[in-house]
1. For E107, E158, which order do you get if you count the other beta carbons within 10 Å of each Cβ and list the fewest first?
2. From the gyration tensor of the Cα coordinates in the stretch 193-300, what semi-axes in whole Å does the equivalent ellipsoid have, largest first, with each one equal to sqrt(5λ)?
3. Based on the inverse mean of 1/r over its pairs of different Cα atoms, what is the Kirkwood hydrodynamic radius of the stretch 100-233, in Å?
4. Report the Cα centroid-to-centroid distance between the stretch 206-284 and the stretch 146-200 in angstrom, as an integer.
5. Would you please put 267-274, 54-61, 162-169 in order of how densely packed they are, using the mean number of other Cβ atoms within 10 angstrom per residue and starting with the highest?
Amino acid sequence: MKDFNRKKLTTTSKKTGLILGLLLISSGGAFAQSTLSETASSDFFLWLILCLEILLISIGLVLIFVVLRVNTILFQEETPEGEPVEEKSIFEILSEKLTGAVPIEKEDDVLTDHEYDGIRELDNNLPPWWVGMFYVTIVFSFLYVGYYHFFGGTLQEEAYENEMAEAKVEVEAYLAQMSDLVDETNVETLTDASAISSGKTIFQEKCIACHGAEGQGGIGPNLTDNYWIHGGGIKDVFKTVKYGVAEKGMIPWEAQLSPAQIQEVSSYILSIVGTNPPNAKEPQGDLYQPEGEESADAATGDTGNSSI
């Protein structure tokens, strides 16, 4: 009866120490998790919370060790008189407590009657570290469900949408930065509807006074034909818009338009080539024929109109 009570008290003290220590550790982790998101903008509070987390974990580990050590001292087995008491190191004690392994000389106490092909089964307890982790997962599950489903935590779907929105803003900022690096040496014709629409808006605000609302020409040359005074490629048009033509009265637009805007209006100008609006101005400049393409004017004999 005495041995039974001792064993029961020993088991109770072990479980009490483990549960108290693990609850302290898990509560410290939950506290740090919920607080870090609120204090991430402050380095001082971030380091303070991390230090508090480490302190709570350390206290939990020390508490577990103290309870196990006291348990070993109070309930160590009695040895027959005359036999030396075997002293164990702290590491040996911790190993025994964490694994819960039964010494080989005491395996008969946990031997079952299950036998197969000469192999007998031992009725060992689950390792305390495994049981402790199981308790931690239970505590963590309650904290996780409570935080994310009842106290305003961001769920995965919402977090994904927020991250995608942030990524979209970053991509747009990056593309805007890259578009401002374009110049007459690397510019390319834009064909997407949004860019053409932006270029049309710029054209209507800056260019119709000289080139007409439909690009048919006025003070300036017609922009809808295949004849160009300063070249009809995207790089030529970009350069003309950017630096202007002082002797013809066209101002440089580089001080008022960004490189991306100049690219957009230049692409719009090329998109209206061949529209043949009414009252178009007479041809000016030279016929422009893109490389690898046969000019429609050359095939039909049409002299077309003029351009910048």
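Values in this text are rule-based calculations from the coordinates and carry no lab data. These figures come from a predicted structure and were not determined experimentally. Every residue, glycine among them, receives a Cβ derived from its backbone with ideal geometry; neighbour counts consider all protein chains shown.
1. E158, E107
2. 21, 15, 14
3. Result for the stretch 100-233, one decimal place: 23.9 Å.
4. Cα centroid to Cα centroid, the span is 31 Å.
5. Result, highest mean first: 267-274, 54-61, 162-169.
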